[in-house]
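What follows is one structure encoded as structure tokens, with my remarks underneath.
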Amino acid sequence: MLRRAKRAVVFTGAGISTESGIPDFRSPGGIWTKMMPIYFDEFVRSAEARKESWRRRFEMEGTWKTVKPNAGHNAVAELVRRGIASHVITQNIDNLHQDSGVPEEKVIELHGNTRYAKCLDCGDRMEIADIRTWFEKEGEPPDCPACGGVVKTATISFGQAMPELEMDRANRATLGCDLFLVLGSSLVVYPAAGFPLLAKRSGAKLAIVNREPTEQDDFADLVLHTEIGPTMSSALRFVN
Ligand SMILES: [Zn+2]
């Protein structure tokens with residue numbers, strides 16, 4: 001299928017990054033089954049919720065700073081480099097596609113990125129390390145230096161609206177593809193999980209590689225319940 005594809009879209013979920021040692025937040029035993037998620041409106045409303053949210057984020061910094069792309073990410077980067085894949089749509093917030101060499105403009109992050117922060121009002125970027133330094137001194141996160149707005153990791157939280165620009169880019173990439181390749185997503189979180197069906201309805205082939213069965217296996221042209229790294233590495237050998 002990859003050999004025939006002229007314009008594939010790769011869609012990735014937590015499963016591709018668990019192979020790098022990043023926990024799947026939503027799976028049984030994942031962080032969200034042990035800790036109550038902080039919803040977006042609570043974050044905006046409550047200084048206490050903001051502090052707690054930042055404390056949790058700083059606790060994860062050791063993980064985020066040391067994780068590396070794995071064979072699965074590298075295979076995806078290679079598909080992009082060879083011009084087989086036009087875009088990578090991801091539900092992940094870990095920046096590992098960019099770290100593996102996929103150009104920024106080809107990565108579409110549906111749930112944002114936890115490796116930096118943004119002002120919720122003016123959108124200005126802030127670095128996590130700077131926020132941490134401030135937090136450790138002041139006991140609370142800084143307001144936006146530009147406009148005084150609330151600063152949050154550049155992720156999409158529970159209860160937060162999907163990013164319009166990214167949703168629009170993902171829609172266009174999906175409608176333009178001839179192969180939609182899902183790697184490591186159980187396809188249960190909407191609206192992200194709507195893209196495979198959109199691709200299928202617009203005439204693309206649908207292939208799914210995921211360790212566990214997914215909600216959309218029945219609609220796919222190919223389903224592999226395997227590890228992503230080894231599967232994609234060997235698939236690459238058949239593609240020019
Ligand atoms: Zn601002």
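The values are calculated or read from the model by the stated rules, or taken from the named source; none is laboratory data. Remember, predicted model here, so these are calculated numbers, not experimental data. Cβ sites come from the backbone with ideal geometry, for glycine too, and all protein chains shown count toward neighbours. Each accessible area value is taken on the protein alone, full model and side chains, heavy atoms only, with ligands, DNA and RNA left out. Shrake-Rupley method; radii C 1.70, N 1.55, O 1.52, S 1.80 Å.
Strictly greater than 31 Å: what percent of every Cα pair in the chain meets that?
Roughly 24 percent, once rounded to a whole number.
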**Report entry** Cleavage-rule hits (trypsin sites (Lys or Arg not before Pro)) in the stretch 172-234: DSSP loop, at most 15 neighbouring Cβ within 10 angstrom
**Finding:** ARG211
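Given DSSP loops and a limit of at most 16 other Cβ atoms within 10 Å, what is the longest stretch of the chain that contains no such chymotrypsin sites (Phe, Trp or Tyr not before Pro)?
40-157
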Query raised in the report: Tell me, how many Å apart are the Cα centres for the stretch 164-240 and for the stretch 72-133?
Result: 18
Report summary line: Given a 1.4 Å probe, the accessible area of the stretch 30-117 per residue, as a whole number of Å², is 45
Requested in this report: Express the carbon and sulfur contribution to the solvent-accessible surface of the stretch 1-124 as a percent, rounded to the nearest whole number, probe 1.4 angstrom.
Outcome: 50
